[in-house]
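See structure below.
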Amino acid sequence: PNAAVAVNDFVFWMGSKEFYVYGGTVQRLPCTVLDYVFGDFNRDQIGKVTAGHNSSYGEVWWFYPSKSSATNDRYVIYNYQEKVWYFGNLTRTAWVDRGINQYPIAAHTDNKLYYHEFGQDDGSTNPPSAISANIESSQIDIGDGEKFSFIRRVIPDVTFRDSTNETPRVNMVVKTRNFPGDSLTTNSTSSIASTTQQVHIRSRARQAVLRLESYDGNTDSGNDDTGWRLGATRLDVRNDGRR
């Protein structure tokens, strides 16, 4: 009942197995993360799914419970401006977009309300702590993984707008694997600052994944007060033959 949200002249909602939009007629939303969402979904708690609109970034959010959770512990987002999907882990039970208030407000199972898009740290702790934030690409390959790729250089495009940390940095991690049945392994980890022009690596594999993260879990070196944005990062990749 709470899985629908109105956005201008459209209504977006989560169905039992797909996502939909109504703008005069009902249409299915092509979703690139459909199996991820509905393949790990607690249908006994389906009534707890809640939708929200983050108008500042053109996003529709759905908070839902995974199979191992009785409460909403995950989210999936559709960016209707970019027409892309992304997902993550976050416990929220209700959402109100900005309007009367300057920032979106969401409810947590700890019976507290939290501002979103406000500040750089996690305000649910006292004192506030650095947010363990990351973004990870899908798999990159040449010829659908038929050929090996050699990555020798990465040109990052990361900005640290609104950061109050005097030396904000993120870690750039390259993961690789040679066969679909293999697990991804970390090939290299590089520290990226606003002045970093390029990073030289030596990575050879059939498939590669690029991940940026702003917190490494070490409380002595966590990136408090760090906000970052990922732009058009470029990889220097060449065909390295078949084997």
For residues that are more than 14 Å from ARG234 (Cβ to Cβ) and under 18 Å from the mean Cα position of the chain (by Cα), tally how many sit in the range 186-211. 2
Please tell me if ALA94 is surrounded by fewer than 18 Cβ atoms within 10 Å (Cβ to Cβ) and over 20 Å from the mean Cα position of the chain (by Cα). no
Based on what the data block shows, is GLU117 acidic (Asp, Glu), in contact with a Lys or Arg (Cβ under 9 Å, 6 or more places away or on another chain) and closer than 26 Å to PHE10 by Cα? yes
Flagged in the range 11-69 as of a type in the set (Phe, Trp, Tyr), under 18 Å from the mean Cα position of the chain (by Cα) and under 29 Å from ILE100 (Cβ atoms), in numbering order, are TYR57, TRP61, TRP62, PHE63, TYR64
Being among the hydroxyl-bearing types (Ser, Thr, Tyr) and closer than 16 Å to VAL11 by Cβ narrows it down to one residue among TYR86, TYR64, TYR80; which is it? TYR80
Return the total of residues in the range 17-52 being open to solvent by 70 Å² or more (accessible area, probe 1.4 Å) and not aromatic (Phe, Trp, Tyr). 12
Residue count, the range 192-201 (criterion: out of contact with any Ser or Thr (no Cβ under 8 Å at 6 or more places or on another chain) and assigned to a strand (DSSP E or B)): 2
Taking the residues in the range 13-47 that are among the aliphatic types (A, V, I, L, M) and without any contact (Cβ under 8 Å) to a residue 12 or more places away in the chain as candidates, determine which candidate is farthest from PHE87 (Cα to Cα). VAL26
For the range 208-228, check the following and say yes or no: at least one residue is open to solvent by less than 30 Å² (accessible area, probe 1.4 Å), modelled with pLDDT of 90 or more and closer than 11 Å to MET172 by Cβ. yes
Any chance SER69 is small (Gly, Ala, Ser), more than 26 Å from ILE131 (Cβ to Cβ) and either open to solvent by 90 Å² or more (accessible area, probe 1.4 Å) or out of contact with any Leu (no Cβ under 8 Å at 6 or more places or on another chain) (or both): no
I'm told PHE160 meets every condition in (1) crowded, with 17+ Cβ neighbours inside 10 Å; (2) under 21 Å from PHE12 (Cβ atoms) except one. Can you identify the failing condition by its number? (2)
Quick one: ILE140 ticks every box in (1) among the hydrophobic types (A, V, I, L, M, F, W, C); (2) modelled with pLDDT of 95 or more; (3) open to solvent by 50 Å² or more (accessible area, probe 1.4 Å) except a single one, so which number is it? (2)
Taking the stated definitions as given, is THR176 of a type in the set (Ser, Thr, Tyr) and in contact with a strand residue (DSSP E or B) (Cβ under 8 Å, 6 or more places away or on another chain)? yes
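The values are calculated or read from the model by the stated rules, or taken from the named source; none is laboratory data. Computed from a prediction, not measured in an experiment: that's the story for all the values here. Note that each Cβ is placed from the backbone with ideal geometry, even for glycine, and that neighbours are counted across all protein chains shown. Side chains included, ligands, DNA and RNA excluded: accessible areas come from the protein's heavy atoms. Shrake-Rupley method; radii C 1.70, N 1.55, O 1.52, S 1.80 Å.
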